[in-house]
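Notes follow the structure.
Each value in this text was obtained by applying a stated rule to the coordinates, not by laboratory testing. Just so we're clear, the structure is a prediction, and the values are computed from it rather than from any experiment. Here the Cβ positions follow ideal geometry from the backbone for every residue, glycine too, while neighbour counts run over all protein chains shown.
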Ligand code: PBE
């Protein structure tokens, strides 16, 4: 008899719990359960100097997301937060970009951006210091020709994500793609130990590209390369001021628009090294929203 009583009680508690959690997931402005409340009106950002932070702040403005906060951190902190949320099947909104390994590891989607706060199509450009052409013609020739695809970059990023050292991942890709690499190097002489500095930011996409370029400059052209990891502002300022020789991490025309406008007269833009990038707000596919506009609900 007592056992039966306990069973009924348990069922009742269970039912109550289900009912409560169903009420909780009701959506509606400001009610507990709206996406805004579920994510505590937070967008998980990256390093404050990243162009995507400016675009995300603009999105908060453009879409009238009052009370929303863009949380500063880093690329690594952002992917750690994403990983944790997905493991717990929790909602999360992050600043995201393509190419990035997170899209092959997790089922994610970009929120539509009808107001184009994140801009339209863009490319990653190679930017060098003025005078590099005369001072280091071999490096200049290669850097001018260096151009690869999001799929190429994805291979390097995936290797690094799976635990390979960036230098090793770069070497594997270069060894596996001699035709591409040799084309970039045609007519470029060996530079016998000349020193070069590449500036970059620790974004996963740029860790991949910078390591590939460094490896080619060193192993094929004989340079000694210092890969200088800095924030976005110093990355641009370094090339403009001559402290760095080059960088392959300029997202244009939108993401690094401010930096470009500030430094364009002091650098040389060698054009795109990769086309087909995207930036925006990214969520796990299990979240039931599709557009940045849905965040207002
Ligand atoms: N990113 C990756 C950078 C450029 C490369 C999109 C995070 C940014 O400045 O936002």
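Quick notes on this structure:
- Among the residues of region 41-73, those that are more than 10 Å from the ligand (Cβ to nearest atom) and part of a loop (DSSP other than H, G, I, E, B) comprise 41, 48, 63, 64, 65, 66, 67, 68, 72, 73.
- Residue ID - surrounded by the most Cβ atoms within 10 Å (Cβ to Cβ), chosen from residues in region 237-261 that are in a helix (DSSP H, G or I) and within 14 Å of the ligand (Cβ to nearest atom): 259
- The requirement of being touching a helix residue (DSSP H, G or I) at 6+ places or on another chain (Cβ under 9 Å), touching a residue at least 60 places away in the same chain (Cβ under 8 Å) and within 14 Å of residue 295 (Cα to Cα) is not satisfied by residue 70.
- Test: residue in region 279-292 that is closer than 20 Å to residue 214 by Cα and either buried (at least 17 other Cβ atoms within 10 Å of the Cβ) or within 14 Å of the ligand (Cβ to nearest atom) (or both): no
- Of the helices (runs of 4 or more DSSP H) contained entirely in region 146-236, those carrying at least 1 residues that are over 17 Å from the mean Cα position of the chain (by Cα) and either in contact (Cβ under 8 Å) with a residue 24 or more places away in the chain or within 16 Å of the ligand (Cβ to nearest atom) (or both) fall at 166-176, 178-185, 204-219.
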